[in-house]
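Worksheet for the structure shown next.
The values are calculated or read from the model by the stated rules, or taken from the named source; none is laboratory data. Keep in mind that this is a model prediction, so the values were computed, not measured. Every residue, glycine among them, receives a Cβ derived from its backbone with ideal geometry; neighbour counts consider all protein chains shown.
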Amino acid sequence: MNKVFKVGLIGCGHIAETYFRAQKYFNNIKIMKCADINNKAAEKCASIYGIKSLSVNEMLNDKEVEIILNLTIPKAHYKVAKKALLHNKHIYSEKPLAINFKDGKELLNIANKKKLYIGNAPDTFLGGGNQKSKELLEKNTIGKINLGNAIFAFPGVQSYHPNPESWFSKKEGGPVIDMGPYYLTALVNLLGPAKEVSGSIMIGVNYRTIGIGPKKGKKFKVECPTTYLSTVVFENDTVIRLTLSFDVIAHQRNHIELYGKKGSLIVPDPNMFGGSVYICKKLGDPWKEFKTEKMSLGKINIRNKSLRANESSTNANYRGAGLSEMAYCIENRKKHRCSGELSLHVLDIIQSTMKASKTGKKQKIKTTCKIPKKFTEKEIRKLLN
């Protein structure tokens, strides 16, 4: 039987509900307490889930809490994570690791020095869709991959989020920070680390209108690029053309397509855990489907209508898997998959993409990382209720 780690949640916003729901799937994590800079938000969260609310400082100094779950806004990730580490807590944060590379590297240095675990979303690459893709690629099903395409494109979060301004702010906004981690983490898991990036940017419209909530109808200024078109070259020389955009009403392209010497492979939505993988090995032949619904982290468990382009209304969402896997690795002194090393490399790609797009010059990726090992069904079942 696995040890159940006592988790303290900081940041009682939109994503917190997802992590509370994760507790019913995973047997080694329990959110015991919550905190937020907005005391009313923490008290409301505590009331809903029957736990205790604390101030942030009380949480950091609480000796019962073993892991801090950092669900704050992106610009606060570094500050909260650093404080948690300095208080000798293991830390698992939502994406991205930090807003800038320097801060992310500092977090890893502190964690390594204090021999603490630092984990980071996204953990969607642990799901059936990406893991089935990984299995097929490791079997050399489509041969050496030369190139590919990846796209996330929709009109923006302002239509369904009551406080969308941060997605369009100068320091923490734009699709490369919001959705880049999902796509780049999935690609690194499948292809290995990246070595070079180039790109270009655009701002579709200068003002957006909030479409829901108490501020419905309010216009706000867009302060950051809302479309990135980048070319990422990986260490194995695979070239991926990546589109990340908040300026597209609709499209019919696949999320990720990889083109090998012996065929092509379609990877399902990296923002979710499930979805089918497709392979075609001869021009004109039908695509062969590889379903993931019978995989432990591929079983459909949500049936919500999606507002995002090309996103299935039936999918698998097991966010919290990365936190659970990290807790298991802490107990058993193993290397976890949603590691700080992986997250720092992805942050490096993101920062380099932003710089390359702004300057028009190719950027070398400063870091590298090990490719995460395949997450086997045997390993997953150890974590499930």
Hits in region 26-76 - residues which are hydroxyl-bearing (Ser, Thr, Tyr) and either at positive phi or surrounded by 14 or more Cβ atoms within 10 Å (Cβ to Cβ) (or both): 49, 53, 72
Residues of region 105-127 classified as part of a helix (DSSP H, G or I) and in contact with a strand residue (DSSP E or B) (Cβ under 9 Å, 6 or more places away or on another chain), total: 5
Any hit, region 62-75, residues being part of a helix (DSSP H, G or I), closer than 25 Å to residue 172 by Cα and under 18 Å from the mean Cα position of the chain (by Cα): yes
Any hit, region 34-55, residues being of a type in the set (Val, Ile, Thr), out of contact with any Pro (no Cβ under 6 Å at 6 or more places or on another chain) and touching a residue at least 40 places away in the same chain (Cβ under 8 Å): no
Search result, residues across region 76-92 that are under 18 Å from the mean Cα position of the chain (by Cα), touching a residue at least 40 places away in the same chain (Cβ under 8 Å) and closer than 18 Å to residue 326 by Cα: 92
Strands (runs of 3 or more DSSP E) contained entirely in region 207-322, each with at least 1 residues that are assigned by TED's automatic domain parsing to the domain that holds residue 167, at pLDDT 95 or above and over 21 Å from residue 181 (Cα atoms): 207-209, 219-221, 256-260, 263-267, 277-280, 288-290
Residue 336 in contact with a Cys (Cβ under 6 Å, 6 or more places away or on another chain) and part of a loop (DSSP other than H, G, I, E, B): yes
Test set (1) crowded, with 23+ Cβ neighbours inside 10 Å; (2) modelled with pLDDT under 95 - residue 152 fails condition number: (2)
Subset tally (residues that are surrounded by 19 or more Cβ atoms within 10 Å (Cβ to Cβ) and closer than 23 Å to residue 243 by Cα) for region 138-149: 2
Extreme residue, surrounded by the fewest Cβ atoms within 10 Å (Cβ to Cβ), among residues of region 172-182 that are assigned to a loop (DSSP other than H, G, I, E, B) and at pLDDT 90 or above: 179
Test: residue in region 360-369 that is more than 21 Å from residue 20 (Cα to Cα), free of Cβ contacts under 8 Å to residues at least 12 places away in the same chain, over 19 Å from the mean Cα position of the chain (by Cα) and not assigned by TED's automatic domain parsing to the domain that holds residue 109: no
Region 158-171: number of residues that are within 22 Å of residue 343 (Cβ to Cβ) and buried (at least 20 other Cβ atoms within 10 Å of the Cβ): 1
Residues (closer than 13 Å to residue 88 by Cα and surrounded by fewer than 16 Cβ atoms within 10 Å (Cβ to Cβ)) located in region 99-127: 112, 113, 114, 115
Residues that are more than 19 Å from the chain's Cα centre (by Cα) and either among the charged types (D, E, K, R) or not assigned by TED's automatic domain parsing to the domain that holds residue 90 (or both), drawn from region 9-56: 24, 30, 33, 36, 40, 43, 44, 52
Enumeration of residues in region 183-227 that are of a type in the set (Ser, Thr, Tyr), within 30 Å of residue 138 (Cβ to Cβ) and surrounded by fewer than 24 Cβ atoms within 10 Å (Cβ to Cβ): 198
